[in-house]
1. Through the Karplus equation 6.51 cos²θ - 1.76 cosθ + 1.60, θ set to phi - 60°, convert the phi angles of the range 170-178 into ³J(HN,Hα) values in whole Hz; use x for Gly and Pro.
2. Find, among the trypsin sites (Lys or Arg not before Pro) in the range 87-120, those assigned to loop by DSSP (not H, G, I, E, B) with at most 15 other beta-carbon atoms within 10 angstrom.
3. Hey, which of these cross-link pairs are over 21 Å Cα-Cα: LYS15/LYS149; LYS50/LYS161; LYS110/LYS132?
4. Give me the percent of accessible area attributable to carbon and sulfur for the chain, probe 1.4 angstrom.
5. List, in order, the whole-Hz ³J(HN,Hα) value for each residue of the range 60-66 obtained from phi through the Karplus relation with A = 6.51, B = -1.76, C = 1.60 and θ = phi - 60°; use x for Gly and Pro.
6. Where in the chain is the longest stretch that carries no GluC sites (Glu not before Pro) classed as loop by DSSP and with at most 13 other Cβ atoms within 10 Å?
7. Can you give me the long-range amide H partners of TRP155? Hydrogens built in the peptide plane at 1.01 Å from N, cutoff under 5 Å, separation of 5 or more residues or another chain.
8. Counting only protein chains, not ligands or nucleic acids, how are HIS108, HIS123 ordered by accessible area (probe 1.4 Å), most first?
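The values are calculated or read from the model by the stated rules, or taken from the named source; none is laboratory data. All values reported here derive from a predicted model rather than from experimental measurement. Cβ: placed from backbone, ideal geometry, glycine included. Neighbour counts: every protein chain shown. Side chains are part of the model used for accessible areas, which takes the heavy atoms of the whole protein and leaves out ligands, DNA and RNA. Shrake-Rupley method; radii C 1.70, N 1.55, O 1.52, S 1.80 Å.
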Amino acid sequence: EFGYLKNLLEAGEIKFTEPSEFNDPFDCCPTHLHEAPEDLPHAVGSSVNKAMQSAISQICGVACFSIYPDSMLMWSHYADQHQGVCVGINSEILIKKILSNSKGKPLHDKPEKVIYTENRPRHDDPKFYLKKSEEWCCEGEYRLVSFRKKGELEWGPGVWKINASSIIEIIIGAKMSP
(Lines give C-alpha, C1' and ligand atoms only; values in the text may rest on other atoms or scores of the structure.)
Protein backbone atom coordinates (compact mmCIF):
# COMPACT_ATOMS: atom_id res chain seq x y z
CA GLU A 1 0.00 0.00 0.00
CA PHE A 2 2.83 2.44 0.80
CA GLY A 3 5.32 1.07 -1.73
CA TYR A 4 5.99 4.47 -3.31
CA LEU A 5 6.61 6.02 0.12
CA LYS A 6 8.98 3.24 1.15
CA ASN A 7 10.91 3.58 -2.11
CA LEU A 8 11.09 7.35 -1.71
CA LEU A 9 12.38 7.17 1.86
CA GLU A 10 14.78 4.27 1.40
CA ALA A 11 16.08 4.82 -2.12
CA GLY A 12 15.10 8.38 -3.04
CA GLU A 13 12.88 7.05 -5.83
CA ILE A 14 10.04 9.28 -6.96
CA LYS A 15 7.50 8.77 -9.70
CA PHE A 16 7.49 11.15 -12.64
CA THR A 17 3.93 10.59 -13.83
CA GLU A 18 2.80 10.45 -17.43
CA PRO A 19 0.38 13.34 -18.06
CA SER A 20 -2.18 10.86 -19.42
CA GLU A 21 -2.52 9.60 -15.81
CA PHE A 22 -3.47 13.04 -14.45
CA ASN A 23 -6.99 13.62 -13.15
CA ASP A 24 -7.37 16.70 -15.38
CA PRO A 25 -7.67 15.58 -19.04
CA PHE A 26 -6.45 19.02 -20.23
CA ASP A 27 -3.30 19.13 -18.08
CA CYS A 28 -0.12 18.95 -20.21
CA CYS A 29 -2.38 18.80 -23.25
CA PRO A 30 -1.96 21.93 -25.36
CA THR A 31 -4.52 22.51 -28.02
CA HIS A 32 -3.91 22.25 -31.73
CA LEU A 33 -7.40 23.46 -32.50
CA HIS A 34 -7.17 27.25 -32.03
CA GLU A 35 -9.45 28.03 -34.93
CA ALA A 36 -11.51 24.88 -35.24
CA PRO A 37 -14.52 25.00 -37.52
CA GLU A 38 -17.74 25.61 -35.58
CA ASP A 39 -19.29 22.42 -36.95
CA LEU A 40 -16.37 20.22 -35.85
CA PRO A 41 -17.85 17.34 -33.82
CA HIS A 42 -16.83 17.31 -30.15
CA ALA A 43 -15.59 13.72 -30.53
CA VAL A 44 -13.03 14.83 -33.13
CA GLY A 45 -11.63 17.52 -30.83
CA SER A 46 -11.52 15.08 -27.93
CA SER A 47 -9.74 12.52 -30.07
CA VAL A 48 -7.09 15.06 -31.14
CA ASN A 49 -6.58 16.13 -27.50
CA LYS A 50 -6.30 12.54 -26.28
CA ALA A 51 -3.77 11.70 -29.01
CA MET A 52 -1.74 14.79 -28.12
CA GLN A 53 -1.65 13.95 -24.42
CA SER A 54 -0.75 10.35 -25.21
CA ALA A 55 2.17 11.49 -27.38
CA ILE A 56 3.39 13.90 -24.68
CA SER A 57 3.15 11.07 -22.12
CA GLN A 58 5.73 9.08 -24.06
CA ILE A 59 8.42 11.73 -23.48
CA CYS A 60 7.36 13.75 -20.43
CA GLY A 61 7.21 12.75 -16.77
CA VAL A 62 6.02 15.14 -14.06
CA ALA A 63 6.51 15.10 -10.29
CA CYS A 64 4.02 17.46 -8.63
CA PHE A 65 4.44 19.27 -5.32
CA SER A 66 2.25 21.63 -3.30
CA ILE A 67 3.18 24.50 -1.02
CA TYR A 68 0.12 23.73 1.14
CA PRO A 69 0.79 20.69 3.36
CA ASP A 70 -2.19 21.57 5.55
CA SER A 71 -4.84 21.98 2.84
CA MET A 72 -7.93 19.89 3.61
CA LEU A 73 -8.77 19.79 -0.09
CA MET A 74 -5.31 18.49 -1.02
CA TRP A 75 -5.49 15.78 1.66
CA SER A 76 -8.92 14.76 0.40
CA HIS A 77 -7.92 14.63 -3.28
CA TYR A 78 -4.35 13.36 -3.19
CA ALA A 79 -3.91 11.52 0.10
CA ASP A 80 -6.76 9.03 -0.18
CA GLN A 81 -9.22 10.96 2.00
CA HIS A 82 -6.58 11.76 4.67
CA GLN A 83 -5.34 8.14 4.82
CA GLY A 84 -1.97 8.89 3.19
CA VAL A 85 1.08 10.98 3.98
CA CYS A 86 2.60 14.26 2.88
CA VAL A 87 6.35 14.28 2.27
CA GLY A 88 8.13 17.60 2.78
CA ILE A 89 10.97 18.32 0.36
CA ASN A 90 13.71 20.94 0.75
CA SER A 91 13.93 22.35 -2.77
CA GLU A 92 17.36 23.92 -2.19
CA ILE A 93 18.89 20.52 -1.38
CA LEU A 94 16.97 18.95 -4.23
CA ILE A 95 18.38 21.49 -6.71
CA LYS A 96 21.96 21.35 -5.37
CA LYS A 97 22.12 17.57 -5.66
CA ILE A 98 20.47 17.01 -9.04
CA LEU A 99 21.11 13.51 -10.33
CA SER A 100 22.42 12.99 -13.86
CA ASN A 101 22.01 10.12 -16.27
CA SER A 102 24.85 8.09 -17.74
CA LYS A 103 25.54 10.85 -20.28
CA GLY A 104 25.80 13.56 -17.62
CA LYS A 105 22.42 15.11 -18.44
CA PRO A 106 20.42 16.26 -15.39
CA LEU A 107 17.10 14.65 -14.62
CA HIS A 108 15.51 18.08 -14.24
CA ASP A 109 16.53 21.69 -13.82
CA LYS A 110 14.55 22.92 -10.84
CA PRO A 111 11.02 22.90 -9.47
CA GLU A 112 8.96 25.41 -11.41
CA LYS A 113 5.78 27.14 -10.30
CA VAL A 114 2.62 26.16 -12.15
CA ILE A 115 0.96 29.00 -14.04
CA TYR A 116 -2.79 29.03 -13.49
CA THR A 117 -4.52 30.52 -16.48
CA GLU A 118 -7.93 31.08 -17.98
CA ASN A 119 -6.69 30.01 -21.42
CA ARG A 120 -5.51 26.59 -22.47
CA PRO A 121 -1.93 26.66 -23.77
CA ARG A 122 -1.31 26.30 -27.48
CA HIS A 123 0.87 23.58 -28.99
CA ASP A 124 3.65 26.10 -29.74
CA ASP A 125 3.90 27.26 -26.08
CA PRO A 126 7.27 26.00 -24.75
CA LYS A 127 5.96 26.05 -21.15
CA PHE A 128 2.69 24.18 -21.83
CA TYR A 129 3.58 21.61 -19.15
CA LEU A 130 3.46 24.33 -16.46
CA LYS A 131 0.03 25.71 -17.35
CA LYS A 132 -3.21 24.57 -15.74
CA SER A 133 -6.72 25.91 -15.52
CA GLU A 134 -7.07 28.59 -12.87
CA GLU A 135 -9.70 26.35 -11.27
CA TRP A 136 -6.77 24.36 -9.81
CA CYS A 137 -5.06 27.41 -8.23
CA CYS A 138 -5.83 26.19 -4.70
CA GLU A 139 -3.09 23.57 -5.17
CA GLY A 140 -0.16 26.01 -5.09
CA GLU A 141 1.68 23.55 -7.32
CA TYR A 142 5.31 23.31 -8.34
CA ARG A 143 6.57 20.74 -10.83
CA LEU A 144 9.72 18.89 -11.64
CA VAL A 145 9.56 17.82 -15.26
CA SER A 146 11.70 15.12 -16.81
CA PHE A 147 11.84 15.01 -20.61
CA ARG A 148 13.07 12.06 -22.61
CA LYS A 149 15.31 13.22 -25.40
CA LYS A 150 16.13 11.47 -28.65
CA GLY A 151 18.90 8.96 -28.03
CA GLU A 152 18.67 9.40 -24.24
CA LEU A 153 16.11 7.00 -22.85
CA GLU A 154 17.16 7.41 -19.22
CA TRP A 155 14.68 10.22 -18.47
CA GLY A 156 11.04 10.97 -19.20
CA PRO A 157 8.14 9.31 -17.39
CA GLY A 158 8.98 6.64 -14.84
CA VAL A 159 10.52 6.19 -11.41
CA TRP A 160 13.74 8.17 -10.99
CA LYS A 161 15.99 8.96 -8.07
CA ILE A 162 16.19 12.25 -6.27
CA ASN A 163 18.59 12.92 -3.45
CA ALA A 164 16.93 11.43 -0.36
CA SER A 165 18.60 14.07 1.85
CA SER A 166 16.14 16.58 0.39
CA ILE A 167 13.33 14.86 2.33
CA ILE A 168 12.84 16.91 5.49
CA GLU A 169 9.50 15.82 6.99
CA ILE A 170 6.63 13.40 6.80
CA ILE A 171 3.13 14.42 7.83
CA ILE A 172 0.77 11.53 8.60
CA GLY A 173 -2.85 11.79 7.50
CA ALA A 174 -5.59 12.06 10.12
CA LYS A 175 -7.22 8.78 8.99
CA MET A 176 -4.06 6.79 8.29
CA SER A 177 -4.28 3.23 9.58
CA PRO A 178 -1.92 2.26 12.40
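1. Once θ is set to phi - 60°, the couplings for the range 170-178 become 9, 10, 8, x, 4, 10, 5, 5, x Hz.
2. On the way: sites: LYS96, LYS97, LYS103, LYS113; in loops: LYS97, LYS103.
Passing both the DSSP loop test and the Cβ count: LYS97, LYS103.
3. Details: LYS15/LYS149 18 Å; LYS50/LYS161 29 Å; LYS110/LYS132 19 Å.
Checking Cα-Cα distances, LYS50/LYS161 exceed 21 Å.
4. On the way: 5890 of 10870 Å².
Carbon and sulfur: 54 percent of the exposed surface of the chain.
5. Each residue of the range 60-66 in turn: 10, x, 10, 9, 9, 9, 10 Hz.
6. Values: sites that count: GLU1, GLU35, GLU38, GLU118.
Value returned for the longest uninterrupted segment is 39-117.
7. Those lying under 5 Å, H to H, from TRP155 are LYS149.
8. Working: HIS108 10, HIS123 85 Å².
Order by accessible area, largest first: HIS123, HIS108.
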